[in-house]
1. Which is aromatic (Phe, Trp, Tyr) and in contact with a Leu (Cβ under 8 Å, 6 or more places away or on another chain), of 112, 127, 108?
2. Quick test for you: out of 168, 149, pick the one residue that is surrounded by 15 or more Cβ atoms within 10 Å (Cβ to Cβ) and in a helix (DSSP H, G or I).
3. Here's a check for you: in region 121-160, which residue that is in contact with a Lys or Arg (Cβ under 8 Å, 6 or more places away or on another chain) and among the aliphatic types (A, V, I, L, M) is farthest from residue 303 (Cα to Cα)?
4. With the checklist (1) surrounded by fewer than 22 Cβ atoms within 10 Å (Cβ to Cβ); (2) not in a loop (DSSP other than H, G, I, E, B) in hand, flag the one item residue 346 doesn't pass.
5. Please specify each residue of region 293-315 satisfying the condition of being in contact with a helix residue (DSSP H, G or I) (Cβ under 7 Å, 6 or more places away or on another chain), in a loop (DSSP other than H, G, I, E, B) and open to solvent by 20 Å² or more (accessible area, probe 1.4 Å).
6. Starting from region 264-293, take each residue that is farther than 21 Å from residue 351 by Cβ and list its partners that are small (Gly, Ala, Ser) and not in a loop (DSSP other than H, G, I, E, B), counting only C-beta distances under 6 angstrom and pairs at least six apart or across chains.
7. Please find, among 326, 351, the residue that is of a type in the set (Gly, Ala, Ser), farther than 16 Å from residue 181 by Cα and open to solvent by 20 Å² or more (accessible area, probe 1.4 Å).
8. Which pairs turn up if I take residues in region 190-216 that are within 22 Å of residue 111 (Cβ to Cβ) and at pLDDT below 85 and look for partners that are assigned to a loop (DSSP other than H, G, I, E, B) and not hydroxyl-bearing (Ser, Thr, Tyr) with beta carbon separation below 7 Å, at least 6 apart in sequence or on another chain?
Amino acid sequence: MVKAAVIGGAGYAGAELVRLIARHPEFELIAVTSDADAGNPIADTYPALLGVEPACFTPHDDPAVLDCDVAFLAVPHTAGMHHAARLVAAGVTVVDLSADFRLPQDVYEAAYNVEHTAADLLEGAAYGQPELNHAALDALAAKHAEGEPVVVGCAGCYPTAVSLAAVPAVRAGLVSGTVIADCISGISGAGKKPTYKTHYCSANEDAQAYGLPLHRHAPEMDMELEMAWSQGENEGAAPKILFTPHLAPLARGMVATLHLPVTTEDVDWQKLYEDAYAGNPFVHVLPAGKSPRTSSVAGTNNAHIGVFPNRGNGYVTVISTIDNLGKGAAAQAVQCANIIFGFDETAGLEGMARAL
């Protein structure tokens with residue numbers, strides 16, 4: 001069994017990691033850390049996790065963490081690079097859910113307005129979005145197989161939803177201009193600590209755009225489109241994203257509605273997307289004319305895609321839904337870890353959403 005730790009297990013993404021790793025056939029959960037909750041039973045905070053072992057939170061400096069094979073970091077940005085440095089030095093592979101290892105150093109520092117203090121680890125990290133960047137994860141898995149601890153910077157929730165909707169068309173060179181991405185997230189995406197925007201009294205019966213004029217996830221989306229564009233051996237500049245996020249009174253779930261300015265409409269768009277994700281275990285292209293729903297992917301690592309061509313004025317609309325805590329965070333992190341450790345990609349991630 002692979003010994004695993006969750007750093008930051010008291011947050012929403014951390015708790016989801018605990019749930020997934022505790023039932024994983026190849027991982028053994030050794031430690032779940034939280035400085036604020038150290039010594040408290042995990043089930044006191046999350047009753048659904050009653051019976052999970054270990055039963056209590058421990059501090060971040062728990063020595064057991066350094067004896068693990070892999071540590072999942074469910075911590076804020078800047079904390080990710082701090083923990084990663086000490087973990088890798090101890091020979092522990094890191095799967096980071098924060099933003100610290102997703103972007104090139106200059107882009108990260110501009111977007112998050114902080115200095116990156118683990119540039120050496122960032123240079124060797126792989127971007128953790130398997131459907132877009134599987135080859136880089138495979139290369140990292142080869143290094144890990146030789147005994148080297150490695151770092152994965154998992155993709156963000158909004159960028160995952162957006163890239164899954166955009167990549168097949170962008171990779172094929174069929175998009176020219178600015179992609180309009182209107183997205184909606186559940187409140188859990190803002191984290192566990194309530195603010196004046198996410199407090200129940202503010203968020204209930206309300207919906208609002210936020211993060212304007214430039215949300216810090218936008219550079220990551222542009223990076224993903226550049227990756228997809230280069231994979232298709234296209235010439236010229238890759239399309240850019242015009243991104244507007246919205247907060248809705250949902251506990252979890254995310255919808256990304258993309259309006260793609262296309263170079264031609266004489267394409268079988270349904271087939272393009274079905275072929276792009278054929279054989280993929282987690283991305284499902286719905287039948288023509290069907291629109292995806294957040295409830296259909298809740299609690300899973302699945303993404304549902306709906307394709308709507310011939311919208312007029314040279315646009316094709318593609319809609320994707322994911323669980324922001326699942327495919328957008330914890331479940332995708334487990335998928336990345338499965339690849340790094342040479343397990344079946346679906347290990348510990350099988351299952352369907354609730355019917356109701």
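1. After applying the criteria, what remains is 108.
2. 168 is the lone residue from the list that is surrounded by 15 or more Cβ atoms within 10 Å (Cβ to Cβ) and in a helix (DSSP H, G or I).
3. The residue in question is 150.
4. Result: residue 346 fails condition (2) only.
5. Within region 293-315, 299, 302, 309 meet the criteria.
6. From residues that are farther than 21 Å from residue 351 by Cβ, the pairs are 290/306; 291/306.
7. 351
8. 191/11
The values are calculated or read from the model by the stated rules, or taken from the named source; none is laboratory data. Predicted model only: the values in this text are computed from it and were never measured. Counting neighbours? That spans all protein chains shown, and the Cβs are built from the backbone with ideal geometry, glycine included. These area figures cover heavy atoms from the full protein model, side chains too; ligands, DNA and RNA do not enter into them. Shrake-Rupley method; radii C 1.70, N 1.55, O 1.52, S 1.80 Å.
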